[in-house]
Amino acid sequence: MTGKPQTARGYVAVQRLRPALVGLMAIVGLWLWWPIAPAAAREPLHSAQAIQPYLDRVADAVTEFTLDNGMAFIVMERHQAPVVSFMIHANVGAVDETDGKTGVAHYLEHLAFKGTSRIGTRDFAAEQAVLDQLDAVFTNLLAAQAAGDTAQVTQLESEFETLRQQAASFIEQNQYGQIVQQAGGVGLNATTSADETRYFYSLPANKLELWMSLESDRFLDPVFREFYEEKDVILEERRMRVDNSPIGTMIERFLEEAFVSHPYRRPVIGYQDDLFVATRDDIQTFYDTYYGPGNLTAVVVGDVNPAEVKRLAEVYFGRYPSRAAPPEPTIDEPAQTTPRQFTLTLPSEPWYLEGYHRPSLGHPDHVIYGMIESLLVGGRTSRIYKTVVDDAQVALNIGSLNGFPGDRYDNIFLLYGLTAPGNSPDEIGALFAQELQKLQQEPISAQELDRVKTQARAGLLQSLASNSGMASLLAEYQAKTGDWRNIFDNLTAIEAVSAADIQRVAQTLFQPTNRTVGKLLPPPSAQ
């Protein structure tokens, strides 16, 4: 049982969609931390002229500073209500893991809720001694299992269980969460994606110093207690979301087919074999490498005084010693030169997935990919939705993931469809091809261009509406692009896009040699 609050982690309730579609979106949540809107849920809003003054006011309300140890802070004043949203953005995700050590970024996130040497324990000195013994027995247990020494395995398993119960006797369950809750905190949670790990919640404005104290201790003095209990939780999560889920298995296989060597090909939750042998030392090494202050960005949005935020940050987070910059992951994915295709046969409704390699968030055409996504699947009036779902009725619904499974590096533009009864995934694929070819050959109309620009502006505005949404975007753009102001530059970039730009990017993106197709089919006896 984890002490981490059981709240939504990248999932959305989409009651009007069939359970299977919700299942795919939930599984995708293992790779992505943001809510995924179905095609029919996106609506156009606002004009550029109406948005720009608002964005100017937003930008004027933001201040930033960097501590001597390299930790960056972004502060945005919003005095409409006496609340503050906080986020610690660690610029590390599954992309930074190595083969054989998958899942450690997500594992660390779970353990970051277990407290410190002062929070979550009744007697840390005695607890630490038991934890050391427990780890030693686990190491010996792995060795005995590898050697096939069943008698030794049985003995060590008994010792392991006894020590685990002793360790549990020292724990003050969920003390960290209780402190936050008793202070009026809401939304305590964290997410891990391919690109980053984020820790966040909101507090009353007069609890600013409490957040500074709690969060600085959390990453200055973490104790990865309940290590093996959390391993069981994560392994069960993997069984439920991937191993026993046809859709989850399909998504994992798709990334393995679409990428040859890119770290994005590995699942955020990790492989079962890697998770089973993971040690506390593995997590500690990962933490030591990637959780230095220079790799963290703190964002504070709400009813605060920036000068007070800076003063307290220097007091609390200024205690962090500087660390060397972490290594960048090795990205040596070769260009795809031939189409790829695979089929899985599992007890499931039939699905069709089609993905294309696209460049990272930092590419000059980044916003154009978003506009193409909007044009094709952005709501019930979009091209593919009308053709595949409304007119041909070969799919119950369609969707997309632009920037999958992350966008810090080159990634995948994914289209997918849930096949309607009596139809096949190939029929969806044929209609996808028809619409993609049309986009390549015919410039879009002025009306369509205006609609997708409006949708793009609306999407940006919607993401900035809440304190927590603002904190997410400020941190993400600071970490991925080096400057949070690039959020607002997107509006200028959107306005500059022409029909020719849409056609140019579509012609480059939707090439057969750049395509990976996955089909999920039920067994013949079930069809």
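Which percent of the accessible heavy-atom area of the range 467-509 goes to carbon and sulfur, probe 1.4 angstrom?
Reported share for carbon and sulfur atoms: 47 percent.
Mind pulling the per residue volume of the convex hull built on the Cα atoms of the range 211-340? Å³ is fine.
Normalising the Cα hull of the range 211-340 by residue number yields 181 Å³.
In degrees between 0 and 90, to the nearest 10, how far off the longest principal axis of the chain does helix 280-290 point, with axes built from Cα atoms?
60 degrees
May I ask you to derive the relative contact order of the chain, considering only C-alpha pairs under 8 Å and at least 6 residues apart, and to give it as an integer percent?
Reported relative contact order: 23 percent.
Counting only C-alpha contacts under 8 Å and six or more residues apart, can you give the relative contact order of the range 107-258 as a whole percent?
32 percent
Order these peptides, 98-111, 53-66, by their mean beta-carbon neighbour count within 10 angstrom, highest first.
Put in order of decreasing packing, that is 98-111, 53-66.
Which value, in debye to the nearest 20, describes the size of the charge dipole of the range 264-336 about its Cα centre when Lys and Arg Cβ atoms bear +1, Asp and Glu Cβ atoms bear -1, and nothing else is charged?
Rounded to the nearest 20 debye, it is 280 debye.
Give the share of C-alpha pairs in each 10 angstrom bin for the range 251-410, from 0 to the last occupied bin, in whole percents, shortest bins first.
The distribution over the range 251-410 is 7, 22, 28, 23, 14, 5, 0, given as percents.
Can you give the accessible area per residue of the chain, in Å², using a 1.4 Å probe?
40 Å²
Among H79, G120, N244, which residue has its Cα furthest toward the positive end of the charge dipole of the chain, with +1 on Lys/Arg Cβ and -1 on Asp/Glu Cβ?
The residue sitting most towards the positive pole is H79.
Report the extension gain between T98 and R118 in nm, rounded to one decimal, defined as 0.36 nm multiplied by the number of residues separating them, less their alpha carbon distance.
Extending this stretch completely gives an extra 4.0 nm.
Taking the Cα centre of the chain as origin and charging only Cβ (+1 Lys, Arg; -1 Asp, Glu), how large is the dipole, in debye to the nearest 20?
It comes to approximately 1280 debye.
Expressed as a whole number of Å, what is the distance separating the alpha-carbon centroids of the range 320-354 and the range 144-184?
That distance is 34 Å.
If I take R0 = 25 Å and measure r between the Cβ atoms of T513 and I331 in this structure, what FRET efficiency does the formula 1/(1 + (r/R0)^6) give, to the nearest 0.05?
0.80
Please work out the Cα center distance from the range 470-527 to the range 241-272, rounded to the nearest Å.
20 Å
What per residue convex hull volume, in Å³, comes out for the range 327-388 when only alpha-carbon positions are used?
182 Å³
Relative to the longest principal Cα axis of the chain, at what angle does helix 227-238 sit, 0 to 90 degrees, rounded to 10?
Approximately 20 degrees, to the nearest 10.
I'm checking a number: the convex hull volume of the Cα atoms of the chain, normalised per residue, in Å³. What is it?
Residue-normalised Cα hull volume stands at 156 Å³.
Estimate the FRET efficiency between D60 and L346 by the formula 1/(1 + (r/R0)^6), using the beta-carbon distance for r and 56 Å for R0, to the nearest 0.05.
It comes out at approximately 0.60.
How far, in degrees from 0 to 90, does helix 48-60 lean away from the longest principal axis of the Cα atoms of the chain, to the nearest 10?
It works out to around 20 degrees.
The values are calculated or read from the model by the stated rules, or taken from the named source; none is laboratory data. Bear in mind that the values here come from a model prediction, so they are computed numbers and not experimental data. Methodologically, a virtual Cβ is constructed for each residue, glycine included, from the backbone with ideal geometry; neighbour enumeration extends over all protein chains shown. The accessibility values were calculated without ligands, DNA or RNA, using every heavy atom of the protein model including side chains. Shrake-Rupley method; radii C 1.70, N 1.55, O 1.52, S 1.80 Å.
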